[in-house]
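Enquirer: Here it is: the structure, laid out below.
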Amino acid sequence: MLLAIVEALKLVALFVVGDGHFITGVFVLVCAYAGSLFVTERLFVIVKPKLLTLPWFAKIWSWFVAIRGKFLQCLRRKSGGDRVTAQASEKIVELRQPTQCVLWEHPDRVAGQFAQAFEEVESYEDASHLSRSLYKCRECGQLYFYEWYEWVDWEHGNDKQYSTFVPVQTAEEITALKQTDTFSLLRFFPRLQWDGSKIGWIGK
Ligand SMILES: [Zn+2]
């Protein structure tokens, strides 16, 4: 029944094209082919059990299913692999605890006398809402990767400032930190966090 409609549509298409309405004819033809594809797929679902009783068809079909399975497995393994890589990049990084530094026992020293306590070694970023640089403790020489970040609350106007100090030692650690964004920076422990009111070590 449906197939008959599809075939009739194709005939209509031929007449339309013959009449000079090329675009309309092509459109009807495309609809007809899409329709027949749909009907064929439906038809296959219905006749498949019957076809599978034929030995030659069953053989070809099982071969096709096996290949399709392998292909899907391959695709799945690939996306699974991507997930593993993503997890690896989200892993926690533990750094040496700066126990010799006065900040370790007195984290509140970062507030107030910041300039007296630290000197800037290098600046990486200096924007209106985000700045990043490398600071050195004037007292013990401990290096800190420092990020200052202002969260702009457009809706309520409650802007918040966050300062983060990550104690670093090696050039590799500094490179890794430079590659983070504000959120992946939180993978590093221990770190000193100051949100404008509370100051404290995370992961001490
Ligand atoms: Zn220090």
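Computed from the coordinates by the stated procedures, all read-outs in this text should not be read as laboratory data. All values reported here derive from a predicted model rather than from experimental measurement. Cβ: placed from backbone, ideal geometry, glycine included. Neighbour counts: every protein chain shown.
Enquirer: Near E150, within a Cβ-to-Cβ distance under 9 Å, what is the net charge of the other residues, with Lys and Arg +1 and Asp and Glu -1? Don't skip to the answer; put the middle values down first.
Expert: Numbers: positive: K160; negative: D159.
That sum, taken over residues with Cβ under 9 Å, equals 0.
Enquirer: When the Kirkwood radius is taken over all Cα pairs of segment 112-204, what Stokes-Einstein diffusion coefficient follows at 37 °C and 0.692 mPa s, in µm²/s? Please list the in-between numbers first.
Expert: On the way: Rh = 13.8 Å.
Rounded, D is 237 µm²/s.
Enquirer: Considering only A115, A171, A13, give the residue with the highest GNM mean-square fluctuation for the chain, with springs between Cα atoms whenever their separation is below 10 Å.
Expert: Sorting by GNM fluctuation, first place goes to A13.
Enquirer: A further question follows. Sort C31, C101, C74 by Cβ crowding within 10 Å, fewest neighbours at the top. Please list the in-between numbers first.
Expert: Working: C31 15, C101 21, C74 9.
By the 10 Å Cβ count, ascending, the order reads C74, C31, C101.
Enquirer: Here's something else I'd like to know. Which residue fluctuates the most in the chain, going by a Gaussian network model with Cα springs under 10 Å, if the choices are L43, L103, L143?
Expert: In this elastic network of the chain, the residue with the biggest mean-square fluctuation among L43, L103, L143 is L43.
Enquirer: Let me ask something else. Calculate the FRET efficiency for T182 and L75 from the Cβ-Cβ distance with a Förster distance of 41 Å, rounded to the nearest 0.05.
Expert: Efficiency computed from Cβ-Cβ geometry: 0.75.
Enquirer: How long are the semi-axes of the equivalent ellipsoid of the chain, taking √(5λ) for every eigenvalue λ of the Cα gyration tensor, in whole Å from largest down?
Expert: Details: eigenvalues 937, 136, 39 Å².
Rounded to whole Å, the semi-axes are 68, 26, 14.
Enquirer: Next question. Once you put a point 7 Å from the Cα of A115 and another 7 Å from the Cα of K204, both along the Cβ direction, what distance in nm separates them?
Expert: 2.6
Enquirer: Just rank I23, I202, fewest to most, by other beta-carbon atoms within 10 angstrom.
Expert: Values: I23 9, I202 13.
Ascending number of Cβ neighbours within 10 Å: I23, I202.
Enquirer: Now for a different question. Distance cut-off 23 Å, Cα to Cα: go down the list K91/K204; K136/K204; K50/K70; K160/K198 and report the pairs above it.
Expert: In this structure, K50/K70 lie more than 23 Å apart at Cα.
Enquirer: Taking the Cα centre of the chain as origin and charging only Cβ (+1 Lys, Arg; -1 Asp, Glu), how large is the dipole, in debye to the nearest 20? All intermediate terms of the calculation are to be shown ahead of the outcome.
Expert: Values: 23 positive and 23 negative charges, 373 e Å.
Computed charge dipole of the chain: roughly 1780 debye.
Enquirer: Suppose every Lys and Arg Cβ carries +1 and every Asp and Glu Cβ carries -1, with no other charges. What dipole size does segment 93-202 come out with about its Cα centre, to the nearest 20 debye?
Expert: Details: 10 positive and 18 negative charges, 72 e Å.
Result for segment 93-202 is approximately 340 debye, rounded to the nearest 20.
Enquirer: Still on this structure, I have one more. Using a Gaussian network for the chain with springs between C-alpha atoms less than 10 Å apart, which of these wobbles most: W104, W63, W194?
Expert: Of W104, W63, W194, the Gaussian network model singles out W63 as fluctuating most.
Enquirer: A follow-up question, please. Remind me, relative contact order of the chain in percent, using alpha carbon pairs under 8 angstrom and six or more residues apart? Could the numbers behind the result be given before it?
Expert: Values: 237 pairs, mean separation 27.0, N = 204.
Rounded, it is 13 percent for the chain.
Enquirer: Can you sort I92, I174 by how many other beta carbons sit within 10 Å, fewest first? Mind showing how you got there, number by number?
Expert: Details: I92 9, I174 18.
Ordered by Cβ neighbours within 10 Å, fewest first: I92, I174.
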